[in-house]
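First comes the structure, then the notes that go with it.
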Protein chains: 2
Amino acid sequence: MTEEFILNLIHQGRLVEARTWISQMNAVDVASWLEELDRNNILVIFRLLPKDMAAEVFSYLPNEDQEFIIESIADREIKSIIEELFLDDTVDLIEEMPANIVKKVLKNTSEERRKLINQFLKYPEDSAGSLMTIEFVDLKKEMRVDEALAYIRKNGIDKETVDICYVIDKNRKLEGIIPIRKLILNDTSQIIKNIMITNIISVHTLDDQEDVAAIFKRYDLLAVPVVDKENRLVGIITIDDIVDIIEQENTEDFHKMAAMQPTDEEYLKTNVFTLARHRLPWLLVLMISATFTGAIMQRFEDALAAMAVLYAFIPMLMDTGGNAGSQSATLIIRGLALDEISLGDTIKVVWKELGVSILVGIALAVVNFIRILITRQASPVVALTVSLSLIITLILSKVIGGALPILAKRMRMDPAIMAGPLITTIVDALALFSYFSLASWLLGL
Amino acid sequence: MTEEFILNLIHQGRLVEARTWISQMNAVDVASWLEELDRNNILVIFRLLPKDMAAEVFSYLPNEDQEFIIESIADREIKSIIEELFLDDTVDLIEEMPANIVKKVLKNTSEERRKLINQFLKYPEDSAGSLMTIEFVDLKKEMRVDEALAYIRKNGIDKETVDICYVIDKNRKLEGIIPIRKLILNDTSQIIKNIMITNIISVHTLDDQEDVAAIFKRYDLLAVPVVDKENRLVGIITIDDIVDIIEQENTEDFHKMAAMQPTDEEYLKTNVFTLARHRLPWLLVLMISATFTGAIMQRFEDALAAMAVLYAFIPMLMDTGGNAGSQSATLIIRGLALDEISLGDTIKVVWKELGVSILVGIALAVVNFIRILITRQASPVVALTVSLSLIITLILSKVIGGALPILAKRMRMDPAIMAGPLITTIVDALALFSYFSLASWLLGL
């Protein structure tokens, strides 16, 4: 492989050759290669990187490697990396490094940039402001296309998304946007004002990142301008960051739906105590809640003692109810997250779940009834009791599983917590209560 | 609102004014407005749309509205829409419409385009080939920058992603890529060959869409070239389609993890029978499996009859085991999906889950022990039995929940099926077996 070959060149001291090879690699691949190397090699290779590539590779490295590099290299080298780094990456870096590293970084940052960083650090976490970058091209609407192109040629080299330019007035208010391809496709004497798009989709600095992602998805955007309260352009957000946000929001939902506190941290990099801390609270709450179900069993203890065979169907009823409820809750939570289901749809959802649960309930009950008779596990009356309980359990679990996520959203809670685990706990208690009541009545216990 | 205002204009017969207003709206917003209107108004407004906007709005409409429009409008109008539609949208349309509509569409498609469509229809579903579009700009490496710009000006108007140009040789083999901004930033007399990027990331027509999405995420791409076996450029895939794929793959995982057959269809648009059909199979399998747990209870029936209070802790043990197992399984499934965990990490995962389960298990067991004593629900010996069983259940559920998804992936199955519902069924049987065994031993039943 190229990587081994380059390492060999380095160990033979053929650094110029190694540098040529490395500079032809993709920065992402260089970063994941460095991740696997020991610290000595990391430093050697990092120092071989061309200046602009060094900053890009650096931005893709995990925090611990970034920390190590900043600790190890000279101030002059830090300065050159920070200069090349996009502002949003610099802010991320400062947010995640320990104090001594932050100090070393800020010492090597220009006054002007330090001010910007401070301003960015004030935006709340998960807000559009904390996601945006300031590397964009701004034009004036009076410019001609050739003037605009000349301006871009002069200023555009470092801009993250020069593919779209933003037209602002003298107060920095956003007046229009113009994709760079439109500049090329139009006559050079054309005035920007006449060809810019004025029907602009923009977001506010304080908008939540989830809402920003929804706008990207809805309008198939590549970048969105971020404005402040006075509609002044303060930054842009690009699609590559949004893709990360989408995955992050999905991960959060997966975690919440499995009754855990959500986290960004990678599993293998999280220590056992942190993992335990994220899982314990909900397990505790649900464990305590499950004792209600136990209390129901105790209440019917005497009746059940007369017909101990009834106990044997408890796991089947509990599991099936939990699974059926999880199915419904998952569909609704996902539908809400993708904006396919809205708060006004509660009745529709309940109605639909009722229909589905009756169909599925009857099918399962029939199979269950036949199974019990064939295996001679119990008498026909008991089989009937169990099967009817199964239908009731299905209806309860699907209607509750469908309704609770929407109700949660109505009460401005995250629907994702109304998922499998919580639904299961609620449904179990109701399922067993119905089962025992039905048994007492049908079997005359 | 603008929409109401425009509808009023239309009802007053002021169509030219209405058209002006509509043409200033975003095509996505027009499409979602049309979705809410009755069919009469849909047609009136659709016919008012400027030609290029009509195609864009059309591509955002749900299938039933697309079908209705094609059924209702004249061949000439269809022709103009199909001409404006991007090829990938046309192919999607043909794949999803009933035969009579497809016939009407193909009748109004040029011979050349029909051939292309047929070729596209041959790519397997979920392959890169089925995702790509052919609207891109191709350049030759011998061109000068000004020649390239002139060529783009002449040919580029309709191209979906003119932001990146692709350099091909006379056999259409891909030789390089060049972002349009690089053309602008370079001297007009520069030769493409000298400024193009040759370190190209491309995908193959038969690559799976999930792998394509992973490449976009890894390299922060906006578009990727698609090549055939001979490395000839046949199309490009753009990030907007990838965002949809990412959400689609996440939805699939959510569905599978809740023991359902995954589907793309929106919940509210799916009928009750289809919903039931997607949910029944797994519920049935899990219901039958849960009878094993019941069999275990029957086996211990005599022992348990001597101490009926033991029954009351069954729901708590089952639920807690299920929840704990779901937590682990979810973390691992998600980690595998995001490539944060690899097949080689089995030992690490099992080890970590063992640690977490001991910590969490002890914490829960202590709380549980104290609760039983305080509420005087049972004797200290019983409380001890239940609490020890809880620790064993936690260890079993977390280790199994952590290991099964990785094992599934090793066996080339989808890890997402090894989620909550299946883990719960397995863990329940083991948990109750441990509980009863422990009780028989400690309590001498």
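Starting from the label point of A:D75 at 7 Å along Cα→Cβ, the same points in the other copies fall at 8.0 nm, in ascending order. Between A:L37 and B:D220, the FRET efficiency from the beta-carbon distance, with R0 = 25 Å, is close to 0.65. Ordering A:130-139, A:10-19 by mean Cβ neighbour count within 10 Å, with the highest value first, yields A:130-139, A:10-19. Sorted shortest first, the separations between the A:S440 label point and its copies elsewhere in the assembly read 3.2 nm; each point sits 7 Å from Cα along the Cα-to-Cβ line.
Legend: ranking of residues A:T270, A:T393 from fewest to most surrounding C-beta atoms inside 10 Å; resulting order A:T270, A:T393.
Averaging Cα coordinates gives a centre for segment A:233-282 and one for segment A:366-441; these two points are 32 Å apart. Here are some pairs, A:K51/A:K122; B:K122/B:K193; A:K352/B:K409; A:K79/A:K122; A:K122/A:K193; which of them have Cα atoms lying more than 25 Å apart in this structure? Among A:K51/A:K122; B:K122/B:K193; A:K352/B:K409; A:K79/A:K122; A:K122/A:K193, the Cα-Cα distance tops 25 Å for A:K51/A:K122; B:K122/B:K193; A:K352/B:K409; A:K122/A:K193.
Can you tell me the orientation of helix A:272-299 relative to chain A, as the angle in degrees between its alpha-carbon axis and the longest Cα principal axis, to the nearest 10? The two axes meet at around 20 degrees.
For a Förster distance of 22 Å, can you work out the FRET efficiency between the beta-carbons of B:F68 and B:A99, rounded to the nearest 0.05?
Details: r = 16 Å, r/R0 = 0.73.
The formula returns an efficiency of 0.85 here.
Put a plus charge on the Cβ of each Lys and Arg, a minus charge on the Cβ of each Asp and Glu, and nothing anywhere else: the dipole of the protein assembly as shown about its Cα centre is then about 1220 debye. With contacts taken as Cα pairs under 8 Å at a separation of at least 6 residues, segment B:267-442 carries a relative contact order of 35 percent. Here is the list for segment A:221-271: GluC sites (Glu not before Pro) lying in DSSP coil, each with at most 16 other C-beta atoms within 10 angstrom of its C-beta, are A:E230, A:E265, A:E266.
For the protein assembly as shown, with the dipole built from +1 on Lys and Arg beta-carbon atoms and -1 on Asp and Glu ones, taken about the Cα centre, which of A:I164, B:I400, B:G235 lies farthest toward the positive end? Towards the positive end, the residue furthest out is B:I400.
Here is the size of segment B:230-334 from its Cα atoms: Rg then Dmax, 21.9, 77 Å.
Around the amide H of A:I164, modelled in the peptide plane, lie the amide H atoms of A:I180, all under 5 Å away and 5 or more residues distant in sequence or on another chain.
Length gained on full extension, B:V381 to B:A363, computed as 0.36 nm times the residue gap minus the Cα-Cα distance: 4.6 nm. Across segment A:31-41, coupling constants 3J(HN,Hα) worked out from phi with the 6.51/-1.76/1.60 Karplus curve, θ = phi - 60°, read 4, 6, 5, 4, 3, 8, 8, 7, 4, 4, 5 Hz, and Gly and Pro carry x. Loop-located GluC sites (Glu not before Pro) across segment B:100-131 with a Cβ neighbour count of 12 or fewer within 10 Å are B:E125, with loop assigned by DSSP. Available extension along the chain between B:L106 and B:T263 is 53.7 nm, counting 0.36 nm per residue and deducting the alpha carbon span. Sorted shortest first, the separations between the B:N171 label point and its copies elsewhere in the assembly read 6.2 nm; each point sits 7 Å from Cα along the Cα-to-Cβ line. Note on chain A: helix-only mean residue ellipticity at 222 nm, from DSSP H runs of 4+ residues weighted -39500 (n - 2.57) and normalised by residue number, equals -21000 deg cm²/dmol.
Taking the charge dipole of segment B:267-442 about its Cα centre, with +1 at Lys and Arg Cβ atoms and -1 at Asp and Glu Cβ atoms, the residue from B:W441, B:L364, B:T346 reaching farthest to the positive side is B:T346.
Applied to segment A:343-359, the Karplus parametrisation 6.51 cos²θ - 1.76 cosθ + 1.60 on θ = phi - 60° returns per-residue 3J(HN,Hα) values of 4, x, 8, 3, 4, 4, 5, 4, 4, 5, 5, 4, x, 4, 5, 5, 4 Hz, with x for Gly and Pro. A protection proxy built from the mean count of other Cβ atoms within 10 Å ranks the segments B:374-380, B:92-98, most packed first, as B:92-98, B:374-380.
Give the dimensionless ratio obtained when the Cα radius of gyration of the protein assembly as shown is divided by 2.2 N^0.38 Å.
For the protein assembly as shown, the normalised Cα radius of gyration comes out at 1.07.
Note on chain A: dipole from Cβ charges, positive end direction compared against A:I81, A:I70, A:G355; the farthest Cα belongs to A:G355.
Counting, for every residue in A:241-253, the Cβ atoms of other protein chains within 10 Å of its Cβ and taking the mean gives 4.
Think of each Lys and Arg Cβ as +1 and each Asp and Glu Cβ as -1; about the Cα centre, that makes the dipole of chain B roughly 1240 debye.
Modelled label positions at B:E230 and A:Q119, each set 7 Å beyond Cα in the direction of Cβ, lie 5.6 nm from each other. Taking 16 Å as the straight-line reach from the Cα of A:K154, the lysines in range (excluding those fewer than 8 positions away in the same chain) are A:K140, B:K182. Beta bridges assigned by DSSP with both partners in the protein assembly as shown are antiparallel in approximately 75 percent of cases. Using every pair of separate Cα atoms, the Kirkwood estimate puts the hydrodynamic radius of chain B at 26.9 angstrom. Under the combined filter of DSSP loop state and at most 14 neighbouring Cβ atoms within 10 Å, segment B:178-282 retains these trypsin sites (Lys or Arg not before Pro): B:K229. Using Cβ point charges alone (K and R +1, D and E -1), the dipole size of segment B:308-445 about the Cα centre works out to roughly 120 debye. Neighbouring Cβ atoms from other chains, within 10 Å of the Cβ of residues in B:329-336, number 5 on average.
Of all aspartates and glutamates in the structure, the ones whose alpha carbon falls short of 12 Å from that of A:K229, not counting any fewer than 8 places away in one chain, are A:D207. Between the Cα long axis of helix A:2-11 and the first principal axis of chain A there is an angle of about 50°, rounded to the nearest 10. Computed from Cα atoms, the angle from the helix A:75-84 axis to the main principal axis of chain A rounds to 70 degrees. Peptide B:368-376 has a mean of 1 when you count, residue by residue, the C-beta atoms of other protein chains within 10 Å of its C-beta. Pairs of Cα atoms nearer than 8 Å and 6+ residues apart set the relative contact order; for chain A it is 11 percent.
For B:K104, the aspartates and glutamates whose Cα comes closer than 12 Å to its Cα, not counting residues fewer than 8 places off in the same chain, are B:E67, B:E71, B:D75, B:E77. Of interest is the spacing of the C-alpha centroids, which for segment B:54-133 and segment B:321-365 amounts to 47 Å.
Any read-out appearing in this document is the output of simple, stated calculations on the displayed coordinates, not a laboratory observation. Since this is a predicted model, take the numbers as computed values, not measurements. All Cβ positions, glycine included, derive from the backbone under ideal geometry; neighbour counts span all protein chains shown.
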